[in-house]
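A short worksheet on the structure shown next.
The values are calculated or read from the model by the stated rules, or taken from the named source; none is laboratory data. Bear in mind the structure is a predicted one, so any value in this text is a computation, not a measurement. Positions of Cβ are backbone-derived with ideal geometry, glycine not excepted, and every protein chain shown enters the neighbour counts. When the accessible area is computed, the model is the full protein with side chains, heavy atoms only, and any ligands, DNA or RNA have been set aside. Shrake-Rupley method; radii C 1.70, N 1.55, O 1.52, S 1.80 Å.
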Amino acid sequence: GAYRLLAPDVPMPSDYSDLRPSPVYPATVSTRRKLSPLDLIAVHRDMYQGTPFDMTAGAAAGAFANPDRYSASGVTKLRGAWERSIALYRTSQTHVVQARGWLPPTIGGVAWYGPHAAHGTCFLPLHIGAQAVP
């Protein structure tokens, strides 16, 4: 999901057998533009929308396009696994850290804190120099 959103022109194969002995993805990619905290929040919230792996579409999403996938181990005889996005419903908190070197240290660093899974939270900017709650 992240590579598709941040570097869409870099080809990424969707068919592979085992990533451990045969890595097919690069460790890093270059973006064509400067990223904002909103870009990184979008990565955290991505459910592969608009791809063949869209977690909000198809029978597994149910009648309400629910992207959450719960374990079916021991409940069904079907074998297999779900696609897993970064926006996992079991996430307890989400962070995006922003460094702005042109500003004084007390306000240049911001931690965008989401007190829940990214797809169901609002992000609160916490400035590193804050001495009290406003």
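Can you tell me which of Arg45, Arg69 is modelled with pLDDT under 85, crowded, with 16+ Cβ neighbours inside 10 Å and not small (Gly, Ala, Ser)? Before the answer, list the steps.
Details: Arg45 fails: modelled with pLDDT under 85.
Answer to the selection: Arg69.
Got a number for residues in segment 113-122 being over 14 Å from the mean Cα position of the chain (by Cα) and touching a residue at least 24 places away in the same chain (Cβ under 8 Å)?
Matching residues across segment 113-122 total 0.
Quick check, is Ala63 open to solvent by 80 Å² or more (accessible area, probe 1.4 Å) and of a type in the set (Gly, Ala, Ser)?
On the way: open to solvent by 80 Å² or more (accessible area, probe 1.4 Å): yes; of a type in the set (Gly, Ala, Ser): yes.
Here the answer is yes, as Ala63 does meet what is asked.
Yes/no per residue for (1) on the phi > 0 side of the Ramachandran plot; (2) of a type in the set (D, E, K, R); (3) under 18 Å from the mean Cα position of the chain (by Cα):
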position	(1), (2), (3)
Ala2	no, no, yes
Leu5	no, no, yes
Met12	no, no, yes
Leu19	no, no, no
Thr31	no, no, yes
Ile41	no, no, yes
Arg45	no, yes, yes
Gln49	no, no, yes
Arg84	no, yes, yes
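Please find, within segment 94-129, the residue that is surrounded by the fewest Cβ atoms within 10 Å (Cβ to Cβ) out of those that are within 19 Å of Lys34 (Cβ to Cβ) and out of contact with any strand residue (DSSP E or B) (no Cβ under 6 Å at 6 or more places or on another chain).
Of everything passing the filter in segment 94-129, Trp102 is surrounded by the fewest Cβ atoms within 10 Å (Cβ to Cβ).
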